[in-house]
1. Can you name every residue in the range 35-64 that is surrounded by 14 or more Cβ atoms within 10 Å (Cβ to Cβ), within 18 Å of Glu12 (Cβ to Cβ) and among the β-branched types (Val, Ile, Thr)?
2. Does Gly130 satisfy the condition of being within 25 Å of Gly283 (Cβ to Cβ), modelled with pLDDT under 90 and surrounded by fewer than 16 Cβ atoms within 10 Å (Cβ to Cβ)?
3. With the condition kept exactly as written, say whether any residue in the range 56-68 is farther than 30 Å from Ile288 by Cβ, touching an Asp or Glu at 6+ places or on another chain (Cβ under 8 Å) and in contact (Cβ under 8 Å) with a residue 12 or more places away in the chain.
4. Within the range 140-183, take every residue that is acidic (Asp, Glu) and part of a loop (DSSP other than H, G, I, E, B) and give me the one that is surrounded by the most Cβ atoms within 10 Å (Cβ to Cβ).
5. Look at the range 134-162 and say how many of its residues are more than 11 Å from the chain's Cα centre (by Cα) and either at pLDDT 90 or above or of a type in the set (Phe, Trp, Tyr) (or both).
6. Given the residues Val222, Val244, which is the only one that is within 20 Å of Leu97 (Cβ to Cβ), of a type outside the set (D, E, K, R) and crowded, with 18+ Cβ neighbours inside 10 Å?
7. Just checking, does the range 36-49 include any residue being assigned by TED's automatic domain parsing to the domain that holds Pro81 and not in a helix (DSSP H, G or I)?
8. Restrict the check to the range 69-78 and report whether at least one residue is modelled with pLDDT of 85 or more, outside the structural domain of Pro120 (by TED's automatic domain parsing) and among the β-branched types (Val, Ile, Thr).
Amino acid sequence: MPQPLPNLHHLELFYHVTRSGGITAATRSMPYGIQQPAVSGQITLLEQELGARLFQRRPFKLTPAGVELYEFIAPFFDRLPDVANKIAGKAERRLRLAAPTMVISEHLPQVIAAVKRKQPLLELTLIEAGQRRAIDALQREEVDLAIAEMEGKAPAGTAGEVLINLPLVLLAPTSLAGKRPELKDLVGKHSLVRLPVDTAISRLFARGMQRKKLAWPAAIEVSTIELVHAYAAQGFGVGLSVCVPGVKFPKGVEVVDLAGFSPLVIMALWRGTLTPLAKQVLGGLRRIAGG
């Protein structure tokens, strides 16, 4: 059987003891508090794991086995502070964010501009993503913060904050429906233009229609909300969309409110502790949502 790997913490203690020239000196110079008996006991465990004595206690002197071990581990522990500082420095200026197209194009620019004024060396990665891709990127730790269209609570293993609730609406081309149409005037009479069936907005619409005991299968399925707007404005059908504060619908459509339909929830999602830059972005999005 292969020899079990020694405990990494025990190796770190041995490194500090060797650098300091003894256990008592090491307890005074180590970057965290630990008592002499604890160090001595854990070094003894390390020697038992390795089956070799590593140093003579009084006066302090490494054995041949101790010299061999120290020469192997010293480069790693010597470089560790510099590597940690380098990683921390990158974390202070790096931000990875996944969000829907509309959020990236309409709302994020002003938020990122404010962040960049505080961190001119900002390293930014933006991923244009719907709900499923955004959550997957977050769970894979490919992004620090995700903005996603949700139907309820944050997924297991993530923290979440609701930014805004967006009412579902229909965009009826005036060329098809005339002025002030209602849902009952449109169902089954015109083509429905919507996002794919597995998106949050389409699922919410399907549930609302089911509660009203109505059926309206999509005739045109497109990949983005911008395409829904474009096809509705050009008279290809009635578009399923959401009402976003500050975002205007195209000319040539009448907005039909969908009373009784659950709203689309826009939620910020993250795992673990938010980075300082992610906190700034979240704060900016809160102000926009509340404004």
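1. Those that are surrounded by 14 or more Cβ atoms within 10 Å (Cβ to Cβ), within 18 Å of Glu12 (Cβ to Cβ) and among the β-branched types (Val, Ile, Thr): Val39, Ile43.
2. no
3. No, the range 56-68 contains no residue that is farther than 30 Å from Ile288 by Cβ, touching an Asp or Glu at 6+ places or on another chain (Cβ under 8 Å) and in contact (Cβ under 8 Å) with a residue 12 or more places away in the chain.
4. Filtering first and then ranking leaves Asp144.
5. Number of matching residues: 2.
6. Val244
7. no
8. Taking every residue of the range 69-78 in turn, at least one turns out to be modelled with pLDDT of 85 or more, outside the structural domain of Pro120 (by TED's automatic domain parsing) and among the β-branched types (Val, Ile, Thr).
The values are calculated or read from the model by the stated rules, or taken from the named source; none is laboratory data. Quick caveat: nothing in here was measured; it's all calculated off a predicted structure. Every residue, glycine among them, receives a Cβ derived from its backbone with ideal geometry; neighbour counts consider all protein chains shown.
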